[in-house]
Amino acid sequence: MPNQPRTVWQDMQIRGYSRRDFNKLCTLMAAAAGLESTVLPQLAWALEHKPRPPVLWFHFQECTCCSESFIRSSHPLVADILLDNISLDYTQTLQAAAGDQAEAAAKMTMEKYPGQYLMLVEGSVPTGADGVYCCIAGRSAMDIVKEAAAGAKALVAWGSCASNGCIQAANPNPTGATPLHKIVSGKPIIKVPGCPPIGDVMAAVVVHVLAFDRIPQLDALGRPKAFYSKRVHDTCVRRASYDAGLFVESWDDEGARRGYCLYKMGCRGPMTYNACSVTRWNGGTSYPIQSGHGCIGCSEEKFWDNGPFYQHLPSFPGFGIESTADRIGMVATAVTAAGVAAHAVATNVRRGKGIKQDIAEGTEGSGKAGA
């Protein structure tokens, strides 16, 4: 097909890469997407035969933190994705073109590759006052979204802004900030929430679509299950302190210095689904809780309106019942005390039996000696 873009392997050959380099790329991409080694042949075939997807990346009501996070992805390197693996035809942040030239590039992709291009959206879309709060090239963000989505193969909502409106949609939401899925219908939409989302997670989503020509498996909220199926709390580095009832009571107290659980300081890890505690940030170096700050639940809808960040919520499901941090601490202490008491009783019983046995053996021995 004359309008078909080059495949990844064709593009790598043009750039002087060897087959060995191609195989290394396949392994790296599989690891980034959390895929098993058994799918490597399928991945290699896809990158060798399927064309690179054209990509349009739009920016609306946002602070560009999603792009900042994406360009710091470490596995695989974002430069490899942008320059070698996808055809990034339009992005207001990273492209060299500007003005009419930039807009012409977006329009050409929509006309040349209908039903083939991937649409990435960063930022919420204002709907108030006919969308005048965010206009690009004389057009409202709402009009741009509807036009581009009509011919897109799939859409990706980067960050909490595009996924659920984020801070712009906070009460009273004067601009009418609206998430992508409430404006576009009839198209696959992948939500990658977070403020910002983890760069490596963003890269892995693009890798999955690139390699398998389909969106990854999503949860009930439209998020990739591979990264949003567990709570931050489930694999937290401070989970042991939580289970033991050891909590930070005030900033810079002894508990804080010892790395105790931050739940009482407002941490929302127990009700936030994200891969922060597993994938982590900055090349897997750390994440907020590990660094000493509680999770603010930025990947959950309406996190900005769910009360003060530094005041813990009164209760949440835990240990099969509704428990508070105070209750957990008391229960943990009680269980520990009960365990110590039980151990002491068992020790005394064993010791008493041992004494009786020694007496019995001693008496029996004396009788035999006298005989």
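Amide H of residue 218 versus every other amide H placed in the peptide plane: which residues, excluding those fewer than 5 positions away on the same chain, fall under 5 Å?
Those lying under 5 Å, H to H, from residue 218 are 225.
Using Cα-Cα distances under 8 Å and only pairs 6 or more residues apart, what relative contact order does the stretch 232-313 have, in percent?
Computed over the stretch 232-313, the figure is 32 percent.
Could you run the Karplus curve 6.51 cos²θ - 1.76 cosθ + 1.60 with θ = phi - 60° over the stretch 139-151 and give me ³J(HN,Hα) per residue in whole Hz, x for Gly and Pro?
Result, rounded to whole Hz: 10, 6, 4, 4, 5, 5, 4, 5, 5, 5, 5, 4, x.
Determine the gain in length on full extension of the stretch residue 135-residue 254; use 0.36 nm per residue of separation and subtract their C-alpha separation, reporting nm with one decimal.
Full extension of this stretch gives 37.7 nm more.
For a footprinting-style exposure proxy, rank 227, 22 by other Cβ within 10 Å, fewest first.
Going from sparsest to densest Cβ surroundings: 22, 227.
So which of 107/146; 112/153; 24/230 end up more than 24 Å apart by C-alpha?
Pairs exceeding 24 Å: 24/230.
Mind checking the dipole of the stretch 140-257: about its Cα centre, +1 per Lys or Arg Cβ, -1 per Asp or Glu Cβ, Debye to the nearest 20?
I would put it at about 560 debye.
Residues with amide H under 5 Å of residue 6's amide H, sequence separation 5 or more or different chain, H placed in the peptide plane at 1.01 Å from N; which?
Here 52 satisfy the definition.
Find the relative contact order for the stretch 8-228 and round it to a whole percent, using C-alpha pairs within less than 8 Å whose residues are 6+ positions apart.
Reported as a whole number, the value is 22 percent.
Compute the Kirkwood hydrodynamic radius of the stretch 232-313, taking the inverse of the mean of 1/r over all pairs of distinct Cα atoms, and give it in Å to one decimal.
Result for the stretch 232-313, one decimal place: 12.7 Å.
Just rank 72, 19, fewest to most, by other beta-carbon atoms within 10 angstrom.
19, 72
Report, for the stretch 8-228, the % of DSSP beta bridges that are antiparallel, rounded to 5.
25 percent
Suppose every Lys and Arg Cβ carries +1 and every Asp and Glu Cβ carries -1, with no other charges. What dipole size does the stretch 232-313 come out with about its Cα centre, to the nearest 20 debye?
Value, rounded to 20: 180 debye.
Rounded, prolate or oblate: pick one for the stretch 8-228, where a ≥ b ≥ c are the square roots of the eigenvalues of its C-alpha gyration tensor, a/c under 1.5 means rounded, and failing that, prolate if a/b is larger than b/c, else oblate.
Cα axes put the stretch 8-228 in the prolate bin.
What nm value, rounded to one decimal, do you get for the distance between residue 286 and residue 97 when each label is placed 7 Å out toward the C-beta?
4.2 nm
Could you give the size of the charge dipole of the stretch 8-228 about its Cα centre, using +1 on the Cβ of each K and R and -1 on the Cβ of each D and E, expressed in debye and rounded to the nearest 20?
About 440 debye.
So what J values fall out for the stretch 242-256 if you push phi through Karplus, 6.51 cos²θ - 1.76 cosθ + 1.60 with θ = phi - 60°, rounded to Hz, Gly and Pro as x?
4, 4, 8, x, 9, 10, 6, 9, 7, 4, 6, 7, 5, x, 5
Using each residue's phi in the stretch 99-106, evaluate 6.51 cos²θ - 1.76 cosθ + 1.60 at θ = phi - 60° and report the 3J(HN,Hα) Karplus result to the nearest Hz, with x for Gly and Pro.
Each residue of the stretch 99-106 in turn: x, 4, 5, 5, 5, 5, 5, 5 Hz.
Under 5 Å between amide hydrogens, which residues at least 5 positions from residue 87 or on another chain qualify, with H placed 1.01 Å from N in the peptide plane?
Amide H neighbours of residue 87, under 5 Å, 5+ apart: 55.
Does the stretch 116-231 classify as rounded, prolate or oblate by the C-alpha gyration tensor (a ≥ b ≥ c root eigenvalues; a/c under 1.5 gives rounded; else a/b over b/c gives prolate, otherwise oblate)?
oblate
Would you list 108, 142 from fewest to most Cβ contacts within 10 Å?
Listing 108, 142 from fewest to most nearby Cβ atoms yields 108, 142.
Every number here is computed from the coordinates shown, using simple stated rules; none is lab data. From a predicted model like this one, the values you see are computed outputs, not experimental measurements. No Cβ is skipped: glycine too gets one built from the backbone with ideal geometry, and neighbour counts run over all protein chains shown.
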